[in-house]
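Notes for the one structure printed next.
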Amino acid sequence: YSDNMKSVKKKSQEARELLKNKLDIHSNYDHYIFFDFPYLLMGNKPIEESFIVINILKVFLNKNPNIAVLIKPHPSSDENLLHLSGINTNSNCYVYSKDKSPEDFLSLSDLTITKYSTIGIESMLYDNIVLSYNFMNVQEFKVYGEAAHYCYSATELQYLLNDIFKSDLSFLTYKEVSIQKNDAFLEDFYPKEFTDYKTIAFEIEKRLNEKT
């Protein structure tokens, strides 16, 4: 492995343990996936689309007990819909209140699944692999430029999850490429004169809205 791949193989074990305790995770996992459960509107974010993602994750979690999914609903989302999906019946799935800050989830996670929200860009600040799903075949819409992996069907999302985590080498390869693309995207996207997290997040949201 290259030195860069070795450096990204695991985030600091000590930091992970502190975050796990904070998030009430008492089992050990090799990897963590953060699912940004969206607020659901008719049109651009239909309910069916989010439930397809949840069903894919349920199957994936059953086959990969060494991987955990962390779900934090969007502040404007309906938490009841999420619980009705049955995702929290998986022992390696953790569902949290929508009022929690995303920072802890982004710090612990290796990969983020989102539609197209500011969370995708904030994930890049934490060196996460970003999967952006849009099952409405809007293939020309790439809000994260070349930094994210875009999934335009359930099959594509299933394939990517399985391919990324099929081996340590596969994960490390995806991770290394993602870090390079994330850095290139962020170089152009957020202003270097801002350094604190909240200001960067505000600027990211403003620019994302301008793009959409």
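Read-outs: derived from the displayed coordinates by stated rules, not from any lab. Quantities reported herein were computed from a predicted structural model and do not represent experimental measurements. We place every Cβ from the backbone using ideal geometry, glycine too, and count neighbours over all the protein chains shown.
Other residues lying with their Cβ under 11 Å from the Cβ of residue 64 contribute a combined charge of +1, Lys and Arg counting +1, Asp and Glu -1.
Checking the cross-link pairs 20/142; 20/58; 98/166; 63/100; 22/72; 63/142 against a 26 Å limit on the alpha carbon distance flags 20/142; 98/166; 63/100; 63/142 as lying beyond it.
What do you get for Rg/Rh of region 97-188 when both radii come from the Cα atoms and Rh is the Kirkwood radius? Walk me through the numbers before you get to the answer.
Details: Rg = 12.9 Å, Rh = 13.6 Å.
My calculation puts Rg/Rh at 0.95.
Around the amide H of residue 133, modelled in the peptide plane, lie the amide H atoms of 114, 115, 151, all under 5 Å away and 5 or more residues distant in sequence or on another chain.
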